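The values are calculated or read from the model by the stated rules, or taken from the named source; none is laboratory data. Worth saying up front: this structure is predicted, and the values here are computed from it rather than measured. Cβ atoms come from the backbone with ideal geometry, glycine included; neighbour counts cover every protein chain shown.
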Amino acid sequence: MTINFDKILQNVSHILVENKLKLSLCESCTGGLLSKICTDYSGSSKWFYGSFVTYSNQMKEVIGVRDKILKKYGAVSKEVANEMSKSVLELSHADICLSITGVAGPEGGTNEKPVGIVHFSYVDRSGYEYHERCQFNGDRNNIRYSAAEKGIQIVLNCVTESKTS
């Protein structure tokens, strides 16, 4: 694994602190990995508010993802990722939230939702929303790290875009 989060986290930290913004996360397939990586970064308490790990559908419902949305679209979907991020934004009282839901494997994939498929949803209090669907390759560990890296890059891109719009 050659992922280096230092530069991305340095940029995220600078922008969030400069704009007095707090980040919350809602992680499923990454199981809290991105939260761990964020809190490994010195000074993250200035911008990282906290996270929810909603690995099961039951935990997704606990935070406010509607059962009918889970049943209609499945946990690995744009719709569920969007509800995850909006629910945690409200629960956490943070300024921005990123959610991650996907299939890390090696089991659980289908033709429609293969191993490595991950949905990201970003929302913030200004009303800015972003969704991205990615397909990652490799083993479970590679998929999870790739999703964490993509997730923090999405935060950086969205905060930059939101503040310049």
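Listed values, structure above:
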item	result
Helices (runs of 4 or more DSSP H) wholly inside the range 67-165 containing at least 3 residues that are within 25 Å of ASP6 (Cβ to Cβ) and within 17 Å of the chain's Cα centre (by Cα)	140-164
Residue match in the range 127-145 (condition: touching a residue at least 12 places away in the same chain (Cβ under 8 Å), touching a helix residue (DSSP H, G or I) at 6+ places or on another chain (Cβ under 9 Å), of a type in the set (Gly, Ala, Ser) and crowded, with 21+ Cβ neighbours inside 10 Å)	no
The lone exception for THR39 - which of (1) touching a Phe, Trp or Tyr at 6+ places or on another chain (Cβ under 7 Å); (2) at pLDDT below 95 it fails	(2)
Qualifying positions in the range 33-50 - out of contact with any Cys (no Cβ under 7 Å at 6 or more places or on another chain) and outside any helix (DSSP H, G or I)	TYR41, SER42, GLY43, TRP47, TYR49, GLY50
Criterion: touching a residue at least 40 places away in the same chain (Cβ under 8 Å), buried (at least 16 other Cβ atoms within 10 Å of the Cβ) and in contact with a helix residue (DSSP H, G or I) (Cβ under 6 Å, 6 or more places away or on another chain) - qualifying residue of VAL103, VAL159	VAL159
Unmet requirement for VAL12, which otherwise passes all of (1) of a type outside the set (Ser, Thr, Tyr); (2) within 16 Å of the chain's Cα centre (by Cα); (3) over 18 Å from VAL103 (Cα atoms); (4) surrounded by fewer than 18 Cβ atoms within 10 Å (Cβ to Cβ)	(4)
Tally of residues being surrounded by 14 or more Cβ atoms within 10 Å (Cβ to Cβ) and either free of Cβ contacts under 8 Å to residues at least 12 places away in the same chain or of a type in the set (A, V, I, L, M, F, W, C) (or both) across the range 39-59	6
Qualifying residues in the range 15-36 (those that are surrounded by 16 or more Cβ atoms within 10 Å (Cβ to Cβ) and free of Cβ contacts under 8 Å to residues at least 40 places away in the same chain) - the one farthest from THR54 (Cα to Cα)	SER35
Residue that is touching a Ser or Thr at 6+ places or on another chain (Cβ under 6 Å), of a type in the set (Phe, Trp, Tyr) and within 25 Å of LEU21 (Cβ to Cβ), where the choices are TYR49, TYR55, TYR122, TYR130	TYR49
Count - residues of the range 16-32 that are outside any strand (DSSP E or B) and under 18 Å from the mean Cα position of the chain (by Cα)	8
Meets criteria (crowded, with 22+ Cβ neighbours inside 10 Å, of a type outside the set (D, E, K, R) and farther than 18 Å from ASN157 by Cβ) for VAL80	yes
